[in-house]
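Working notes, beginning with the structure itself.
The values are calculated or read from the model by the stated rules, or taken from the named source; none is laboratory data. Only a predicted model underlies this, so the values are computations on that prediction, with no experimental measurement involved. Every residue, glycine as well, gets a Cβ built from its backbone with ideal geometry; the counts of neighbours run over all protein chains shown.
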Amino acid sequence: MNVYENIAFGLRAHRVNKKVIAEKVKNVAERTGITEHLTKKVSDLSGGQQQRIAIARALVLEPRILLMDEPLSNLDAKLRVTMREEIKRLQKELGITTIYVTHDQEEAMAISDRIAVFNKGCIEQIGTPREIYDHPGTEFVAKFIGDINPISGELEAKVKANYPAEEGAAFYIRPQKIRVGGPQGRLPEEADVAAKAVVEEFEFQGTYSKVKMALEDGSRLFSLCFDNSSFCIGDKVMVAFNSKDILCFGGKTHE
């Protein structure tokens, strides 16, 4: 079965006229960028091209709702990014309501207008990607979507001095909200929580650096630095953040 036959399969099953099939297949092949491959065998094509064929086979039926169940799970990292951009473009262009299932949080954030986070078959929260990330409704959502630091030890005691919460509340903070500087450096004026730490790991990621640190009481944090900061393992630093950036669960909700 070549690519043309693969895409046309559903239309043939519905006994659509051959001329109409040819027009529809040509149109959807152009939209998905696979026109030049219509006479080739599917098995001879790359993973990304095969994924486009699968999408074209679904789109050619002109569905009112499109369900995609982890469509990019078998692709390499770079191709996943390219294909999710293509899927988003096609969805906007065609205006088809699409339910997209994925375990990849970054993929969900990048491709969705609204996200439903499930936990053991139950919906934890529904909202826009920004709402889900900035204002997680539950502790599960906070830990599941994006990187986050649990706050414990001496930092937790300092947070409680600035943050009204009930006994037993759990505190978290996103890594990009944590500022890292030298032990004698000036802290940001808005920071009201600070502590000494030692750098355990430093990873340069191009657009940002990931700094993992151990505090004096043994608790650990990591920060994402988007400036030109560079640290070495063993460097003594100060970590600081503002208590307004804390995410709290089990106590009074932060407004």
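All but one of (1) in contact with a Cys (Cβ under 6 Å, 6 or more places away or on another chain); (2) of a type in the set (Gly, Ala, Ser); (3) surrounded by 19 or more Cβ atoms within 10 Å (Cβ to Cβ) hold for Ala142, so report the exception by its number.
Going through the list (1) in contact with a Cys (Cβ under 6 Å, 6 or more places away or on another chain); (2) of a type in the set (Gly, Ala, Ser); (3) surrounded by 19 or more Cβ atoms within 10 Å (Cβ to Cβ), Ala142 breaks only (1).
Specify which of the listed residues (Gly206, Gly146) is assigned to a loop (DSSP other than H, G, I, E, B), free of Cβ contacts under 8 Å to residues at least 60 places away in the same chain, farther than 26 Å from Glu131 by Cβ and small (Gly, Ala, Ser).
Within the list Gly206, Gly146, the selection yields Gly206.
Determine, yes or no, whether Ala169 is surrounded by fewer than 16 Cβ atoms within 10 Å (Cβ to Cβ), more than 21 Å from Ser223 (Cα to Cα) and outside the structural domain of Val101 (by TED's automatic domain parsing).
No; evaluated as a whole, the condition is false for this residue.
Out of the residues in the range 214-246 that are touching a Phe, Trp or Tyr at 6+ places or on another chain (Cβ under 7 Å), outside any loop (DSSP other than H, G, I, E, B) and of a type outside the set (Val, Ile, Thr), state the one that is modelled with the lowest pLDDT.
Taking the candidates together, the pick is Ser243.
Within the range 193-212, count every residue that is out of contact with any Lys or Arg (no Cβ under 8 Å at 6 or more places or on another chain), surrounded by 15 or more Cβ atoms within 10 Å (Cβ to Cβ) and within 22 Å of Lys143 (Cβ to Cβ).
Matching residues across the range 193-212 total 3.
In this structure, is Thr39 over 10 Å from Val60 (Cβ atoms), among the polar types (S, T, N, Q) and under 38 Å from the mean Cα position of the chain (by Cα)?
In short, yes.
Could you please give the count of residues in the range 49-85 that are surrounded by 14 or more Cβ atoms within 10 Å (Cβ to Cβ) and either touching a strand residue (DSSP E or B) at 6+ places or on another chain (Cβ under 7 Å) or under 23 Å from Ala22 (Cα atoms) (or both)?
Residues in the range 49-85 being surrounded by 14 or more Cβ atoms within 10 Å (Cβ to Cβ) and either touching a strand residue (DSSP E or B) at 6+ places or on another chain (Cβ under 7 Å) or under 23 Å from Ala22 (Cα atoms) (or both): 16 in total.
Has the range 213-230 got at least one residue that is without any contact (Cβ under 8 Å) to a residue 12 or more places away in the chain and either surrounded by fewer than 17 Cβ atoms within 10 Å (Cβ to Cβ) or basic (Lys, Arg) (or both)?
yes
Of all the strands (runs of 3 or more DSSP E) wholly in the range 1-119, which have at least 1 residues that are within 26 Å of Ala142 (Cβ to Cβ), among the small types (Gly, Ala, Ser) and modelled with pLDDT of 90 or more?
Filter on the range 1-119 gives 115-119.
Please go through the range 217-228 and pick out each residue that is within 23 Å of Pro150 (Cβ to Cβ) and within 25 Å of the chain's Cα centre (by Cα).
Within the range 217-228, Arg220, Leu221, Phe222, Ser223, Leu224, Cys225, Phe226 qualify.
Being under 20 Å from Ile148 (Cβ atoms) and either outside the structural domain of Gln176 (by TED's automatic domain parsing) or over 27 Å from the mean Cα position of the chain (by Cα) (or both) is the filter here; which residues of the range 203-216 pass it?
Selection gives Leu215 alone.
Looking at the range 107-123, is at least one residue surrounded by 13 or more Cβ atoms within 10 Å (Cβ to Cβ), touching a residue at least 60 places away in the same chain (Cβ under 8 Å) and in contact with a helix residue (DSSP H, G or I) (Cβ under 7 Å, 6 or more places away or on another chain)?
The answer is no, given that none of the residues of the range 107-123 is surrounded by 13 or more Cβ atoms within 10 Å (Cβ to Cβ), touching a residue at least 60 places away in the same chain (Cβ under 8 Å) and in contact with a helix residue (DSSP H, G or I) (Cβ under 7 Å, 6 or more places away or on another chain).
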